[in-house]
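Since every read-out is calculated from the coordinates, none of them should be taken as a lab result. All figures in this text were calculated on a predicted structure; none of them were measured in a lab. Note: ideal-geometry Cβ built from the backbone for every residue, glycine included; neighbour counts use all protein chains shown.
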Amino acid sequence: MTSTPTFTAPDAAFVEDFRVMSQFGATENGGVDRQAATAADGEQRRWLTGLLEARGFTVKFDRAGNQWGLFEAVSGAPFVVVGSHMDSQPTAGRYDGAFGVLAAAHAAFRLVEKWAGGAASGKPKFNIAVVNWFNEEGSRFKPSMMGSSVYTGKLALETALNTTDTQGITVREALDGIGCRGDYDGPAASYCAEIHIEQGPSMEHDGITIGLVQSSWAANKYEFVVHGEQAHTGSTVIADRKDALLGAAMLVVAARELADRFPGVLHTSVGELTVYPNSPVVVPSRVNLLLDLRSADESVLAEADALLHQRIPAIERAANISVERNHSHSWPVTPYQTEGVELAAKVAADLGLSSKQVMTLAGHDSINMKDLVPTVMLFVPSVDGISHNEHEYTTDADIVAGLAMLTEVVNRLCNG
Ligand code: HGY
Ligand code: MN
Ligand code: MN
Ligand code: MN
């Protein structure tokens, strides 16, 4: 892992494109800030358009802002959809999502070149569509996986477009602002493939290059609104306070205590708190809090949900506030199609790449897609398991191996 590998020219081109791509929204600490439909997201999307068009792909934006690079090798046939997302968390790593979109583009370039080789290379049965899903992260606009949720019919287009960020800007306005709201409906899909970094340590720990994702954990996300009353932090008697932040803090602790009751099988977190008015001498009147619960066991998730719900009246009494709970987003434990996992295992063996079956604890657009068409989800290792962090890293050797793997999986899917 420490030596610098010598790459073939196409692999070196991929590594170089990855380096160039990572400059859009680059942060001082070596990460990126490319939240959905921001200027940096728009610039990167235009760069991807140029990359795809230069290789003969037609680029279209659909009504939900998903970016499609289409190549029709067989007129009228459905498409193998391959991609991930280029949007990021506010202080994110370079790999989460973006690696998967660029790998999809380069995999498609290699296949198109092969098909151009004539009869000996064989014509595919299906066409190929590279996709850059809109707003997978859900940091600026909720919920996450927005673009793929609209494409797969799980979220109404109007609901998505009318969603606002904390400044009151709608998705519609933000997409128009970067020129990425189109009138395309998206292609007809036959299969889907996505590659992503693992975002955990298990593959690196086991010395495995390719993760064959066989299922996802389930997730339940909630927005809690804690209602209190604004007051002076100096002059208001403690007993009279209705401190929304105190109630929110109790919810944060309750979430952690829940996880501790189900060690290793339940993950709970509060990732975002918005405090109103968020001023030093004011007892907060309101806090909006985003809490998520995840497990591979839906009965654990249901029990944790119920326990959390039961805690709320005691928190309301203790902090003298009221709590409103709104469901935000959820997905069940969903297995990926066994045939896809087997196909990917065979490809890894044929390419001489080590592989093992893994679960995804994070959400991915492929979780939506696998309910629409057979879907293959692949991982490459994350160094030290670090993710959603500017120091997220995967070696060049591993991203190149991931690209080879994705190319051959998509090749076989395109051949039906
Ligand atoms: O895992 C998540 O919640 C995000 O959609 N990736
Ligand atoms: Mn991601
Ligand atoms: Mn992410
Ligand atoms: Mn005053």
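Modelled spin-label separation between residue 159 and residue 116, with each label point placed 7 Å from Cα along the Cα-to-Cβ direction: 4.3 nm. Using the alpha-carbon positions of the stretch 46-183, Rg (one decimal) and Dmax (whole number) come out as 16.0, 56 Å.
Proximity of backbone amide H atoms, modeled 1.01 Å from N, is registered between residue 328 and 221, 222, 223 at under 5 Å, excluding neighbours fewer than 5 places apart on the same chain. Computed from the C-beta positions of residue 253 and residue 278, the FRET efficiency with R₀ = 22 Å rounds to 0.60. By the count of other C-beta atoms within 10 Å, a proxy for reagent exposure, 75, 355 are ordered fewest to most as 75, 355. Legend: translational diffusion of the stretch 218-331 by Stokes-Einstein, Rh = Kirkwood radius over C-alpha pairs, 10 °C, 1.306 mPa s; D = 110 µm²/s. A helix-only calculation puts the chain at -11000 deg cm²/dmol for mean residue ellipticity at 222 nm, using -39500 (n - 2.57) for each DSSP H run of at least four residues, averaged over all residues.
A full extension of the chain between residue 333 and residue 296 corresponds to an added length of 12.7 nm, given 0.36 nm per residue minus the alpha carbon distance. Sorting 77-87, 264-274, 214-224 by their mean Cβ neighbour count within 10 Å, with the most densely packed peptide first, gives 77-87, 214-224, 264-274. Amide hydrogen proximity for residue 84: with H placed 1.01 Å from N in the peptide plane, the residues at 5 or more positions away or on another chain lying under 5 Å are 101, 131, 133.
Sequentially through the stretch 243-255, phi angles give Karplus couplings (6.51, -1.76, 1.60; θ = phi - 60°) of 8, 5, 6, 5, x, 5, 4, 5, 5, 4, 5, 4, 4 Hz, Gly and Pro residues having no value and appearing as x.
Ordering 387, 330 from the fewest to the most neighbouring beta carbons within 10 Å gives 330, 387.
Return the FRET efficiency for the residue pair residue 12, residue 391: r is the Cβ-Cβ distance, R0 is 22 Å, and the value is rounded to the nearest 0.05.
0.35
What do the square roots of 5 times the Cα gyration tensor eigenvalues come to for the chain, in whole Å, largest first, as semi-axes of the equivalent ellipsoid? Walk me through the numbers before you get to the answer.
Details: eigenvalues 330, 105, 77 Å².
They are 41, 23, 20 Å, listed from largest to smallest.
Put simply, the C-alpha atoms of the stretch 4-113 give a gyration tensor, and the ellipsoid matching it has half-axes of 24, 19, 10 Å, longest first. The local environment of residue 160, defined by Cβ-Cβ distances under 12 Å, has a net charge of +3 under the rule Lys, Arg +1 and Asp, Glu -1. Shown in residue order for the stretch 40-53 are the 3J(HN,Hα) couplings computed by the Karplus curve 6.51 cos²θ - 1.76 cosθ + 1.60 at θ = phi - 60°: 5, 4, x, 5, 5, 5, 5, 5, 5, 4, x, 4, 6, 5 Hz (x for Gly and Pro).
Note on residue 356: lysines with a C-alpha under 26 Å away, same-chain residues under 8 apart excluded, are 346, 370. With both labels modelled 7 Å from their Cα along Cα-to-Cβ, the residue 238 to residue 167 distance reads 4.1 nm. The simple Förster model, with R0 at 56 Å and r as the Cβ-Cβ distance, assigns residue 415 and residue 305 a FRET efficiency of 0.80. Positive contributions from Lys and Arg (+1) and negative ones from Asp and Glu (-1), summed over other residues with Cβ under 13 Å from the Cβ of residue 178, come out at +1.
For residue 271, the amide hydrogen comes within under 5 Å of the amide hydrogens of 290, 292, counting only partners 5 or more places away or on other chains and with H modelled in the peptide plane. Charged neighbours of residue 390, selected by a Cβ distance under 10 Å, balance to -2 (K, R count +1; D, E count -1).
The HN-Hα couplings worked out from phi for the stretch 225-242 by the Karplus form 6.51 cos²θ - 1.76 cosθ + 1.60 (θ = phi - 60°) are 10, 9, 9, x, 9, 5, 7, 7, 5, x, 8, 7, 4, 3, 5, 8, 6, 10 Hz, whole numbers, x standing for Gly and Pro.
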